[in-house]
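Take a look at the structure set out below.
The values are calculated or read from the model by the stated rules, or taken from the named source; none is laboratory data. Because the structure is predicted, anything quoted here is derived from the model rather than measured. Cβ placement follows ideal geometry from the backbone for every residue including glycine, while neighbour counts extend to all protein chains displayed. Heavy atoms of the whole protein, side chains included, go into the accessibility calculation; ligands, DNA and RNA do not. Shrake-Rupley method; radii C 1.70, N 1.55, O 1.52, S 1.80 Å.
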Amino acid sequence: MHVRKQMTTVYSPALILIDWQDGFEDWDYWGGNRNNPDAEDKAATLLDHWRSKGRMVAHVIHHSLNPDSPLRLDTPGGKIKDQVAPLASEEVFVKRINSGFIGTDLANQLRRARINDLVICGLTTNHCVSTTTRMAGNMGYDVQLVGEACATFDRLGPDGQQFPAELIHDTSLANLHGEFCEVIPLMAALSQAS
C-alpha cells in the first residue's frame, strides 16, 4: 500500500524586504516629507537578525514601467540600498507592479521552502508594502508587518488637499492590521526568528 506523505508547513518565518531602493531618496518625486527616517536602520536590524538565525530572506524590488521613474533597474535609483543589500545567497524578486507576488516567483519559493509565516517591511507603506501585505493575507499567509521598518511620503488627494506622510503611514497600518496582517513592533519581530 502506498502512503502519501503530507507536506507540513514549518514555523520559520521568512523576512520580505520590499523596495529598499536608492530611487526613494528623490523625496520630491514621491511627494516629499518622508516619515520614519530610521526605517532603513530598523530594516537592517531585521535583516542582520534573520541572517544570524539562518532564516529565509527575500528582497523584492521594483522595475518601473514608467520611463521617467527613479525605480528603473537601468538607473542608479534601481539599486538596493547598501544597508540592506542582498547577499549572493538571497533571492531577489523583480516586480513591475505593486505586489511582490504578481509576475515573480515569490509564492513558489515560499511554497518550496514550506513557509507560511511572513514578516514584511519596506517602502512605501501605502503602496507596494500595503499591496503585497494584502495579497499575502488573502493568499493565506500569516503576515506580520513591522510598521517601524516602513515609511512613506506626503500625498495629494484628488481635491488637491495635502496629507502628511505620518498620517498616510498610520492610516495604512490601521487599514491592514487585524484584517490582512498583524502590525507589530521591531522587538516583537526580532523574536519571530529566534
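Things to note:
- Of all residues making up the stretch 154-189, the number that are over 24 Å from Trp27 (Cβ atoms) and part of a loop (DSSP other than H, G, I, E, B): 4
- Within the stretch 32-54, the set of residues being surrounded by fewer than 18 Cβ atoms within 10 Å (Cβ to Cβ), assigned to a loop (DSSP other than H, G, I, E, B) and either touching a helix residue (DSSP H, G or I) at 6+ places or on another chain (Cβ under 7 Å) or not acidic (Asp, Glu) (or both) comprises Gly32, Asn33, Pro37, Lys53, Gly54.
- Subset of the stretch 78-88 [surrounded by fewer than 19 Cβ atoms within 10 Å (Cβ to Cβ) and either in contact (Cβ under 8 Å) with a residue 24 or more places away in the chain or touching a Ser or Thr at 6+ places or on another chain (Cβ under 7 Å) (or both)]: Lys79, Ile80, Lys81, Gln83, Pro86, Leu87
Yes or no, residue by residue, for (1) open to solvent by less than 30 Å² (accessible area, probe 1.4 Å); (2) more than 17 Å from Ala39 (Cα to Cα):
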{"residue": "Glu91", "(1), (2)": "no, yes"}
{"residue": "Val94", "(1), (2)": "no, yes"}
{"residue": "Gly103", "(1), (2)": "no, yes"}
{"residue": "Asn108", "(1), (2)": "no, yes"}
{"residue": "Arg112", "(1), (2)": "no, yes"}
{"residue": "Ile115", "(1), (2)": "yes, yes"}
{"residue": "Leu123", "(1), (2)": "yes, no"}
{"residue": "Cys128", "(1), (2)": "yes, no"}
{"residue": "Thr131", "(1), (2)": "no, yes"}
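- Considering the conditions (1) under 17 Å from the mean Cα position of the chain (by Cα); (2) in contact (Cβ under 8 Å) with a residue 12 or more places away in the chain; (3) at positive phi, Val60 is excluded by exactly one of them, (3).
- Enumeration of residues in the stretch 146-168 that are more than 22 Å from Gln83 (Cα to Cα) and open to solvent by less than 20 Å² (accessible area, probe 1.4 Å): Asp154, Gly157, Ala165
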